[in-house]
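For reference, the structure is listed below as structure tokens.
The values are calculated or read from the model by the stated rules, or taken from the named source; none is laboratory data. Remember, predicted model here, so these are calculated numbers, not experimental data. Note that we place each Cβ from the backbone using ideal geometry, even for glycine, and neighbour counts take in every protein chain shown.
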Amino acid sequence: MLAIYKKELRSYFTSMIGYVFIAFFLVIIGIYFMIYNLMFGLANFEYCLSTVTFIFVLLVPLLTMRLMSEEKKQKTDQLLLTSPLSARSIILGKFFAVFTIFAIVMAIICMYPLIMSLYGSIPYASAYGSILGFTLLGGAYLAMGLFISSLTESQMVAAVISFAVFLFTALMEGFANIFPTDNKTAYMVFSVIVLLICLLLYHLMHNYTVSLTIGVVGIGGLTAIYLLKPTMFDGSVIKVFEWLSVISRFDTFSAGIFDLSGVIYYLSIIFLFTFLSMQVIKKRRWS
Amino acid sequence: MIEVKNLVKRYGDHTAVDHLTFTAPKGQILGFLGPNGAGKSTTMNIITGYMSATEGTVTVDGVDIYEEPEKVKKMIGYLPEFPPLYPDMTVLEYLNFAADIKKVSKKEKKQMIGEIMEATGITPMADRLIKHLSKGYKQRVGLAQAIMGYPEVILLDEPTVGLDPKQIIEIRELIKKLSKNHTIILSSHIMQEVSAVCDSVLIIDKGRMILQDKPENLSTRLGSTGGLKLTVKGGRDKVLAELGKISRIISMEEQEPSGEGMVDLTVYCKENDDIREEVFYAMSEAKLPILEMHMIRMSLEDIFLKVTNKAEENMKYSEENDSENDSEERQSDSDSEEHQSKNTSMEDREPGQDDETDADSINIEIKNDNKEGDQNASDL
């Protein structure tokens, strides 16, 4: 794992992407820090962070697009996969490397509340709590980006898909309010989600039986619920959309509340997507 | 030692590897020979654990690749068809990385990298970025990576592609040197390479094994075609008349003369019938000097084509003579050490003579078409 970690980290700094990411990130946070905290004199650093969550959508694809896709394109995955490395150490090495780049940004940002303290008393707990939440949010996006990169051979495709997915997760909360709350819509929305899962599974496994079974069982279950007990769908669409909305989880942090469920939520996303990336590597065994 | 049993790989309807079974004994070089798309790379990818097989088992030293992949992968070094290099690393950085992921201990690492760079001849390139290297050097860096950690088994997929002749010889020497302590599987579609390096050759086509034997046995097993290629100095009619007296000659065929006042022809006899002496005395009595004479043996190319092109073979080899023409034609291109040709030169060869083999081949090709008539003419 350490070998992969070192190699990835070095490649971020030999190819400039690491510097560009860190610099760009710091510039944007710096601008908002100037406006909110220094010019308007707000003592809450978390406000600044809550306004810059959108930059993940723009910057994370830049960082994660090449992680796995480049290995496939250069055929260097043959080196990694025929070496005595486990899929876990390959993925974790890569994840921690990309996370380190992001952590460098966060380490620098940790100094900002201290700068503010020169001008008055600062609620350190909520400031650093939100920085932790922000770090985890970033980690969740990096894990998703890593997974998307492992699905394709092309950096551009990985970047575009990551961008689309991240944009979707950022706008999810807004979408939830547009959708009608009636049960029929809920039924349709869930059916679409089941179909998407089936397509993804098929892409991963190339196995008709498994994906079809899951599709049939899923849609069948939904139909049964819709016909027998439609009240179960009440308000469920909004719940699901909120659940999928990675960014909105950060709202509680930016309100100055340290939300343990949010921490667990982000950690589970990181776990889920690194796990899925490992499965993409291992899928050669069962395809 | 590698044991492959009943290996099958299917991509949808397409069967890339079809019930392949073979073993590679320790300390030997096994050559995979087959046309492009025969399933050589796929087989190697399965043995190294890069891909899964649809059916069948692969064991290395008795350990199954699916049950303990990490243990097996530690015993295997692999140079894939395209060397897996990171263009933005220097050679030294790359080899360090390769040593790390192959779990070479820190103590041994530095010395091992030095040794391997020396052996593959890339020491002068140590601090260059891989993207700036030529194809030959890239190939060597890939080879260095495959040897890293001195695994028991080394798989090389077309290791000499893109190298110049000097480098090819160097790499072959290196492979031979390595084979003393390692089991090596090497794939190639170049016959000379396989025959020059390998202890055992495995010919595969369309995913199926066609035969496995030692390179020198292959030629005797399928080889002798019963024919002589002759260049005689003298008048055409006289030569034909003299040869016509030899009853063991079944048929003769004339080629375009390779020089002024010379007769070039191929004479055919029964398989395993050595008529060289008789021809020699017949010619010497008639004062017709033989400038060149050698037996037609099948080269690896011929064997390869013969076994891989079954359908074509049936058509081509339905007539005995036909096959002999074909083998002869290709033989003139292939290197001579392989088919142990016997050149009986009474005079020094003319310098340009070798170059004319190509022209010869073309002529044979043309002759083949109306061979029937020719044969009748010279049939005695």
**OP:** Return the residue satisfying two criteria in turn: it lies in the stretch A:81-96 and is touching a residue at least 40 places away in the same chain (Cβ under 8 Å) and crowded, with 21+ Cβ neighbours inside 10 Å, and of such residues it is farthest from the other protein chains (Cβ to nearest Cβ).
**Re:** A:PHE95
**OP:** Answer yes or no as to whether A:PHE40 is surrounded by fewer than 22 Cβ atoms within 10 Å (Cβ to Cβ), modelled with pLDDT under 90 and over 23 Å from the mean Cα position of the chain (by Cα).
**Re:** yes
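Before we move on, is A:THR152 among the β-branched types (Val, Ile, Thr), within 14 Å of chain B (Cβ to nearest Cβ) and either touching a residue at least 12 places away in the same chain (Cβ under 8 Å) or surrounded by fewer than 22 Cβ atoms within 10 Å (Cβ to Cβ) (or both)? Before the answer, list the steps.
Working: among the β-branched types (Val, Ile, Thr): yes; within 14 Å of chain B (Cβ to nearest Cβ): no; either touching a residue at least 12 places away in the same chain (Cβ under 8 Å) or surrounded by fewer than 22 Cβ atoms within 10 Å (Cβ to Cβ) (or both): yes.
When the stated conditions are applied, A:THR152 does not pass them.
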**OP:** Confirm whether B:GLY62 is over 23 Å from B:SER195 (Cα atoms) and surrounded by fewer than 23 Cβ atoms within 10 Å (Cβ to Cβ).
**Re:** yes
**OP:** Look at the stretch A:47-97 and say how many of its residues are assigned to a helix (DSSP H, G or I), at pLDDT 90 or above and hydroxyl-bearing (Ser, Thr, Tyr).
**Re:** 3
Original post:
Residues in the stretch A:126-149: is at least one in a helix (DSSP H, G or I) and farther than 29 Å from A:ILE91 by Cα?
Top reply: yes
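So, B:SER187, is that one polar (S, T, N, Q), in contact (Cβ under 8 Å) with a residue 12 or more places away in the chain and out of contact with any helix residue (DSSP H, G or I) (no Cβ under 7 Å at 6 or more places or on another chain) or not? Before you say what the answer is, go through the steps one by one.
On the way: polar (S, T, N, Q): yes; in contact (Cβ under 8 Å) with a residue 12 or more places away in the chain: yes; out of contact with any helix residue (DSSP H, G or I) (no Cβ under 7 Å at 6 or more places or on another chain): no.
It is false that B:SER187 is polar (S, T, N, Q), in contact (Cβ under 8 Å) with a residue 12 or more places away in the chain and out of contact with any helix residue (DSSP H, G or I) (no Cβ under 7 Å at 6 or more places or on another chain).
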Original post:
Do we have A:GLY215 as of a type in the set (Gly, Ala, Ser) and on the phi > 0 side of the Ramachandran plot here?
Top reply: no
Subject >> Criterion violated by A:LYS282 - all others in (1) of a type outside the set (S, T, N, Q); (2) away from every other protein chain (no Cβ under 14 Å); (3) within 30 Å of B:THR54 (Cα to Cα) satisfied >> reply: (2)
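Do we find that B:LYS5 is among the basic types (Lys, Arg), surrounded by fewer than 21 Cβ atoms within 10 Å (Cβ to Cβ) and more than 14 Å from chain A (Cβ to nearest Cβ) in this structure? Break it down stepwise before answering.
Details: among the basic types (Lys, Arg): yes; surrounded by fewer than 21 Cβ atoms within 10 Å (Cβ to Cβ): yes; more than 14 Å from chain A (Cβ to nearest Cβ): yes.
Against the criterion (among the basic types (Lys, Arg), surrounded by fewer than 21 Cβ atoms within 10 Å (Cβ to Cβ) and more than 14 Å from chain A (Cβ to nearest Cβ)), B:LYS5 qualifies.
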Original post:
Can you spot a residue in the stretch B:127-149 that is within 14 Å of chain A (Cβ to nearest Cβ), hydrophobic (A, V, I, L, M, F, W, C), in contact (Cβ under 8 Å) with a residue 24 or more places away in the chain and touching a Lys or Arg at 6+ places or on another chain (Cβ under 6 Å)?
Top reply: yes
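Provide a single number: the residues in the stretch A:1-46 that are among the aromatic types (Phe, Trp, Tyr), away from chain B (no Cβ under 14 Å) and either without any contact (Cβ under 8 Å) to a residue 12 or more places away in the chain or part of a loop (DSSP other than H, G, I, E, B) (or both).
To start, the set of residues in the stretch A:1-46 that are among the aromatic types (Phe, Trp, Tyr) comprises A:5, A:12-13, A:19, A:21, A:24-25, A:32-33, A:36, A:40, A:45.
With away from chain B (no Cβ under 14 Å) added as a condition, the list becomes A:19, A:21, A:24-25, A:32-33, A:36, A:40, A:45.
Add one more test, that the residue is either without any contact (Cβ under 8 Å) to a residue 12 or more places away in the chain or part of a loop (DSSP other than H, G, I, E, B) (or both), and what stays is A:19, A:40.
The qualifying residues number 2.
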**OP:** Please specify each residue of the stretch B:100-124 satisfying the condition of being crowded, with 20+ Cβ neighbours inside 10 Å and either on the phi > 0 side of the Ramachandran plot or within 32 Å of the chain's Cα centre (by Cα) (or both).
**Re:** B:LYS102, B:ILE113, B:ILE116, B:MET117, B:THR120, B:ILE122
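Check B:PRO124, B:PRO80, B:PRO87 and return the single one that is in the same structural domain as B:TYR50 (by TED's automatic domain parsing) and in contact (Cβ under 8 Å) with a residue 60 or more places away in the chain. Lay out the reasoning, then the answer.
Working: B:PRO124 fails: in contact (Cβ under 8 Å) with a residue 60 or more places away in the chain; B:PRO87 fails: in contact (Cβ under 8 Å) with a residue 60 or more places away in the chain.
Being in the same structural domain as B:TYR50 (by TED's automatic domain parsing) and in contact (Cβ under 8 Å) with a residue 60 or more places away in the chain holds for just one of B:PRO124, B:PRO80, B:PRO87, which is B:PRO80.
State all residues of the stretch B:249-258 that are surrounded by 14 or more Cβ atoms within 10 Å (Cβ to Cβ) and in a loop (DSSP other than H, G, I, E, B); if no residue qualifies, say none.
B:ILE249, B:ILE250, B:PRO257, B:SER258
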Subject >> Among the residues listed as A:THR274, A:THR209, A:THR213, the single one being under 25 Å from the mean Cα position of the chain (by Cα), hydroxyl-bearing (Ser, Thr, Tyr) and either in the same structural domain as A:VAL57 (by TED's automatic domain parsing) or assigned to a helix (DSSP H, G or I) (or both) >> reply: A:THR274
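Kindly indicate whether B:TYR150 is touching a helix residue (DSSP H, G or I) at 6+ places or on another chain (Cβ under 7 Å) and aromatic (Phe, Trp, Tyr).
Working: touching a helix residue (DSSP H, G or I) at 6+ places or on another chain (Cβ under 7 Å): no; aromatic (Phe, Trp, Tyr): yes.
The answer is no for B:TYR150.
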Subject >> Count of the stretch B:263-287 residues which are surrounded by fewer than 19 Cβ atoms within 10 Å (Cβ to Cβ) and either in a strand (DSSP E or B) or modelled with pLDDT of 80 or more (or both) >> reply: 9
Original post:
Which numbered condition trips up B:ARG10, out of (1) touching a helix residue (DSSP H, G or I) at 6+ places or on another chain (Cβ under 9 Å); (2) assigned to a strand (DSSP E or B)?
Top reply: (1)
Subject >> Any helices (runs of 4 or more DSSP H) falling wholly within the stretch B:23-124 and containing at least 2 residues that are within 11 Å of chain A (Cβ to nearest Cβ) and out of contact with any strand residue (DSSP E or B) (no Cβ under 6 Å at 6 or more places or on another chain) >> reply: B:40-47, B:69-74, B:91-101
